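*Asks:* Just passing along the structure, written as structure tokens.
The values are calculated or read from the model by the stated rules, or taken from the named source; none is laboratory data. Source: prediction; values computed, not measured. When we count neighbours, we look across all protein chains shown, and the Cβ atoms used for this are built from the backbone with ideal geometry, even at glycine. Side chains are part of the model used for accessible areas, which takes the heavy atoms of the whole protein and leaves out ligands, DNA and RNA. Shrake-Rupley method; radii C 1.70, N 1.55, O 1.52, S 1.80 Å.
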Amino acid sequence: MLTPGAYEDRQSLHLRLLVMQSVVVGLFFVLASAFWVLQVVQYAELSDRSERNHLRTIPLRAPRGVLFDRNGEVLVQNRRSFRIAIVREQTPDVAGTIQQLSRVTGVSVAEIAGVVERRRTDPIFRPISVIEHATDEQVAAVIAQKLELPGVMVEQVPMRAYPDGGLAAHVFGYVGEVQPGQLQRAEFSGLQPGAIVGQSGLEQTYNSSLMGTDGNRFVVIDSRGREIEELERENPVDGRRVQLTIDIDMQRALEEAFAADGFDGAAAFLDPATGEVLALTSLPAYDPNNFAAGISSATWSALNADPLRPLGNRLIRGLYSPGSTFKIVMAIAALEEGVITPETEISCRGSAVFYGRSFKCWKAGGHGRMTLRHALEQSCNVFFYTLGERMSVDVINKWAGRLGLVGMTGIDLPQEKASFIPSTEWALTARSDGRWYPGETVSVAIGQGAVSVTPIGLATMMATVANGGTLRSPRLVKAIDHGQGWEVVPLPAPRSHVVIDPEHLAAVRDGLWMAVNTPQGTGTTRGRIIGKDVSGKTGTSQVISNDGKAAAQASERAAGRDPRIYEDHGWFVFFAPRDNPEVAGVVFTEHSEHGYLSAPIAKYVLETYFAKKEGRPLPKYKSAVVPAASAVPAGGARAGGGGGGGGQ
């Protein structure tokens, strides 16, 4: 029998059990609902996240292909470096981590945050490299504070290395991260943001061969992002080895001579039989190692602001008046068109009148009567003015094109500009009156007026003359290793071949030999190599007309700037030996005032070539030049090629 108190206790117990049952049922309902949401509604998202929380794919960058010179010496290689990356998925507070990483490494918050912002559209599980080529101190600091830097990782990567710094910088070019706009182009399809690609020079032209194929590491990580084990590795495949046509000893000699004489400018030495480039430079240059290490904004800004334009390749993009070097084209054109013979005599009295205007020779007293050979030897302006009077500008344009001095040469470097020789067709479309005036042809005859050529264009012209009329595109790559050893890259077919009368060719070669090897020659002694029959022609390219030069220089002095920016440029074009040329080319010295000051540079490189060929010790350069172009202040700017120059 239940007492009243016991009954009440039982009722209370029943109520409590009922409440507990309701709570338990409610909890089970909540849990069931949660499980349903997790297992059904969010299954795909959470499954993917779960996998990523335990598996990570770490890309392994492939080393770029090594570059060698024609004799097997390493020119460009790779070295190991470290980079620091952030995995946003493993970083609860990205902004806080960036600030901590900045404090640890010394890299500004803005710089790190800027990289992350540029890569914000990347998948959050993909590492973003925020510090390329980290120093040992930065790596050690990050490793020491790893617990305070969740999602921050250190990776070992290959870095491009240029052992000789700025040597041949415009040949090699430089590398850098692929830009967003580049990723839209077919040649970069399949690349991920952050990939390193060639951005200039041969690194750009042959990027597809040099890049290689990246690999991957598949690793297991814990919730803190720490690596537990490696599940699988796909090793990267190195880029292909590439052998260049460059002879590194000739290249070093070339740049050594420019530095010793204190000139900026450009030069190219070609094998006239094949078009292979033996040495090539454009100065001033830059150090491509700065780009390989991730160029700073300050360095990049300084390079772009430099008035001497070190990023510009003068050899293939600089346009200048050829001056008296153009007389070679005039000589061949006049001979082949029957305007003169090798024995035709023309009198020079220091000046001559054409179309009512007096045109002066560089030699005030005149050269007297002379044939073509002596006109080339002594660079007589009046002789070639007369040829300009006797030929149309279209005939001159035709022969300039046949010899390689119209348009681009086709060298395997990016962004080449075209050399320009005027024509009546050009005048018809480019000028408001559509006219070309005969008096202008007289100026064109000595490389003045509306004539602008690249140094590589002049080098190609000299190679064409040297080999007897075969026009070839200059080439910088000799062989590529596709994994089975060196495979020679076939030479491109000649662009054209013009038959030049042997008698005419001999007369031109004689004149060019005399210019270098006789006392009256404009390039004598400075370009001469005893026993090697160097043949060549000097030239002077005006930056500004003689009438305006004095006033312009006075203005520069008044402004506290260097007036030498208006001094003439100097040319020397050449080949050697005379009868069986092995080397042809050009040396262009900015603001050197005289073409003959370019000749010693060519001589030194040619001496290096012949010394190597004959097994003799390499020569040493002795500069006899007091440089006129080395003291331009940082605030000054050197003028580009202007109105042309005749004379020597």
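*Asks:* Determine the per residue accessible area of the chain with all protein chains present and a 1.4 angstrom probe, expressed in square angstrom.
*Replies:* Here the residues of the chain average 45 Å² of exposed surface.
*Asks:* Let me ask something else. Take the Cα of Asp579, step 7 Å along the line toward its Cβ, and report every residue of region 519-544 whose backbone nitrogen sits under 12 Å from that point.
*Replies:* Once the point is set 7 Å along Cα→Cβ of Asp579, 533 turn out to lie under 12 Å by backbone N, inside region 519-544.
*Asks:* Follow-up. Provide the net charge surrounding Ile480, with neighbours chosen by a C-beta distance below 10 Å and charges set as Lys +1, Arg +1, Asp -1, Glu -1.
*Replies:* Values: positive: Arg240, Arg241, Lys478; negative: Asp481, Glu487.
Around Ile480, the charge tally is +1.
*Asks:* Let me ask another. How large is ³J(HN,Hα), in whole Hz, for each residue of region 301-315 in order, when computed from phi with the Karplus curve 6.51 cos²θ - 1.76 cosθ + 1.60 and θ = phi - 60°, using x for Gly and Pro?
*Replies:* Once θ is set to phi - 60°, the couplings for region 301-315 become 5, 5, 5, 6, 8, 4, x, 7, 6, x, 7, x, 8, 4, 4 Hz.
*Asks:* Same structure, new question: Taking only Cα atoms, what is the 0 to 90° angle, nearest 10, from helix 381-390's long axis to the longest principal axis of the chain?
*Replies:* Taking the Cα atoms of the chain, the angle to 381-390 is about 90 degrees.
*Asks:* Cα axis of helix 43-54 to longest principal axis of the chain: angle in degrees, 0 to 90, nearest 10?
*Replies:* Its long axis makes an angle of about 70 degrees.
*Asks:* Carbon and sulfur: what percent of the chain's accessible surface (1.4 Å probe)?
*Replies:* 53 percent
*Asks:* Pull out the extension gain between Leu308 and Glu593, defined as 0.36 nm times the separation in residues minus the alpha carbon to alpha carbon distance; nm, one decimal.
*Replies:* Gain in length upon complete extension: 100.8 nm.
*Asks:* Residue-wise, which Karplus ³J(HN,Hα) couplings in Hz belong to region 127-132, taking 6.51 cos²θ - 1.76 cosθ + 1.60, θ = phi - 60°, and x for glycine or proline?
*Replies:* x, 10, 6, 9, 9, 7
*Asks:* Expressed in whole Å with the largest first, what are the equivalent ellipsoid semi-axes of region 244-379 derived from the C-alpha gyration tensor as the square root of 5 times each eigenvalue?
*Replies:* Equivalent ellipsoid of region 244-379: 42, 20, 13 Å, largest first.
*Asks:* Once you sort the root eigenvalues of the Cα gyration tensor of region 103-183 as a ≥ b ≥ c, which label holds: rounded (a/c under 1.5), prolate (a/b larger than b/c) or oblate (the other case)? Intermediate results must be reported in sequence, preceding the final value.
*Replies:* Values: a/c = 2.37, a/b = 1.39, b/c = 1.70.
It comes out oblate by the Cα gyration axes.
*Asks:* Which of the aspartates and glutamates could be linked to Lys612 by a straight reach, that is with a Cα gap under 14 Å, when you skip same-chain ones fewer than 8 residues away?
*Replies:* Partners within reach: Asp247, Asp249, Glu582.
*Asks:* Go ahead and run the numbers for FRET between Leu231 and Trp300, Cβ-Cβ distance against an R0 of 56 Å, rounding to 0.05.
*Replies:* Working: r = 40 Å, r/R0 = 0.72.
After rounding to 0.05, the efficiency reads 0.90.
*Asks:* Multiply the residue gap between Val30 and Arg357 by 0.36 nm, knock off their C-alpha separation, and tell me the result in nm, one decimal place.
*Replies:* 107.3 nm
*Asks:* Using 0.36 nm per residue, how much length does the chain from Ala418 to Glu187 gain when fully extended, once their Cα-Cα distance is taken away?
*Replies:* Working: separation 231, 0.36 × 231 = 83.16 nm, distance 2.47 nm.
Extending this stretch completely gives an extra 80.7 nm.
*Asks:* Across the Cα atoms of the chain, what radius of gyration and what greatest pairwise Cα-Cα distance (Dmax) are found, in Å?
*Replies:* Cα radius of gyration and Dmax of the chain are 34.9, 154 Å respectively.
*Asks:* Taking the 0 to 90 degree range and rounding to the nearest ten, how far is the long axis of helix 248-261 tilted relative to the main principal axis of the chain, both from C-alpha atoms?
*Replies:* 70 degrees
*Asks:* Grab the beta carbon distance between Glu137 and Ala551, set R0 = 56 Å, and tell me the FRET efficiency rounded to 0.05.
*Replies:* The formula returns an efficiency of 0.50 here.
*Asks:* Mind listing the long-range amide H neighbours of Leu55? Cut-off is under 5 Å, sequence gap 5 or more, other chains count too, H placed in the peptide plane at 1.01 Å from N.
*Replies:* Amide H neighbours of Leu55, under 5 Å, 5+ apart: Ile221.
*Asks:* Which of rounded, prolate or oblate describes region 256-299 when judged by the alpha-carbon gyration tensor and an a/c cut-off of 1.5?
*Replies:* Working: a/c = 3.88, a/b = 1.69, b/c = 2.29.
Verdict is oblate for region 256-299.
*Asks:* Using a 10 Å Cβ count of at most 16 others and DSSP loop calls, identify the longest part of the chain lacking such GluC sites (Glu not before Pro).
*Replies:* Within the chain, the longest run free of exposed GluC sites (Glu not before Pro) spans 74-336.
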